[in-house]
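Heads up: the structure comes next, in structure tokens.
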Amino acid sequence: MKNNAAARPLAPLVPGQDDPNKPLVELAHVEKHFGDLHVLKDINLTVTKGEVLVVVGPSGSGKSTMCRTINRLETIDSGVIRIDGKPLPQEGKELAALRAEVGMVFQSFNLFANKTILENVTLAPIKVRHMDKKEAEDLAMDLLARVGVDSQASKMPSQLSGGQQQRVAIARALAMRPKVMLFDEPTSALDPEMVNEVLDVMVELAREGMTMICVTHEMGFARKAANRIVFMADGRILEEGTPDEFFDNPKTDRAKDFLSKIL
Ligand code: ADP
Ligand code: MG
């Protein structure tokens, strides 16, 4: 399908707003070990369409592992994970298709170092979504403009600041039109002055209705953007509530202790 760049309206960032109460991501009784280490213990979590879930907790509590199980970068020992109602496929084409629905942004930006910014964003849509090159480039330029780095399109990743690279990583994930975005400490590796430029993009994405699961220590962001906070410690979800409930009235000693150290 060819489209006319000049007349073309911006495609919605968030596909399908048909059923607002539909669970997009469900984890039920998820268990995971690394050898003898029990890292996920009876994890039960439901994220509905358009919801912004912020996951907090001390280092080593299993936050990254939980995120990685959601697009099957890690397998689980038992339990069920469903994306948009479908259980996670084990392998093959179905798994690739599912991964395309779950965008992921990591602490380290993981851009392809030997490709331009534009190529970084067009690669997967062309390869996985079989988009034609022109269409993929138009989409990429739209997304790069939204995250404020369209003027950098022809540069190599190493020529950009960390904050700019992370915004490209977000555009690259969005180019696959994911149903849900996972962010695993996306600002932890950034110099302090670049943290807000990335958080602002995330806040905007949340405002547009993207379903998001964000692991972060940025409590200002959590207050502003989260619908719900999940507190993890030692592989378990210990608390779940609104930002006000969690920050103003934490129930467990673990959460009180955690908050006293970071606030
Ligand atoms: P968090 O993101 O909350 O800091 P992680 O999910 O990264 O926690 O880690 C949870 C626990 O699992 C930690 O004890 C960590 O050392 C361990 N772990 C994480 N990944 C692996 C792995 N690939 N092999 C063995 N242990 C791991
Ligand atoms: Mg982690």
Worksheet item: Given region 175-259, what helices (runs of 4 or more DSSP H) lie entirely inside it while holding 2 or more residues that are buried (at least 21 other Cβ atoms within 10 Å of the Cβ) and free of Cβ contacts under 8 Å to residues at least 60 places away in the same chain?
Response: 192-207
Practice prompt. Scan region 91-104 and give yes if some residue there is within 23 Å of Glu31 (Cα to Cα), touching a residue at least 40 places away in the same chain (Cβ under 8 Å), open to solvent by 50 Å² or more (accessible area, probe 1.4 Å) and within 16 Å of ligand 1 (Cβ to nearest atom), otherwise no.
Written response: no
Worksheet item: Restricting to region 17-67, what's the tally of residues that are open to solvent by less than 40 Å² (accessible area, probe 1.4 Å), within 15 Å of ligand 1 (Cβ to nearest atom) and small (Gly, Ala, Ser)?
Response: 3
Practice prompt. Considering only residues that are closer than 20 Å to Asp253 by Cα and touching a residue at least 12 places away in the same chain (Cβ under 8 Å), look in region 46-71 and name the one that is nearest to ligand 2 (Cβ to nearest atom).
Written response: Lys63
Worksheet item: In this structure, does Ala113 turn out to be more than 16 Å from ligand 2 (Cβ to nearest atom) and either open to solvent by less than 30 Å² (accessible area, probe 1.4 Å) or of a type in the set (Lys, Arg) (or both)?
Response: no
Item to complete: Give region 116-150 a look and list any residue that's among the polar types (S, T, N, Q) and in contact with an Asp or Glu (Cβ under 7 Å, 6 or more places away or on another chain), or say none.
Response: Thr122
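On the basis of being loosely packed, with under 12 Cβ neighbours inside 10 Å and at pLDDT 90 or above, does Leu10 make the cut?
Here the answer is no, as Leu10 does not meet what is asked.
The values are calculated or read from the model by the stated rules, or taken from the named source; none is laboratory data. Only a predicted model underlies this, so the values are computations on that prediction, with no experimental measurement involved. With ideal geometry, Cβ positions are generated from the backbone for all residues, glycine too; neighbour counts draw on all protein chains shown. These accessible areas exclude ligands, DNA and RNA; they are computed on the full protein's heavy atoms, side chains included. Shrake-Rupley method; radii C 1.70, N 1.55, O 1.52, S 1.80 Å.
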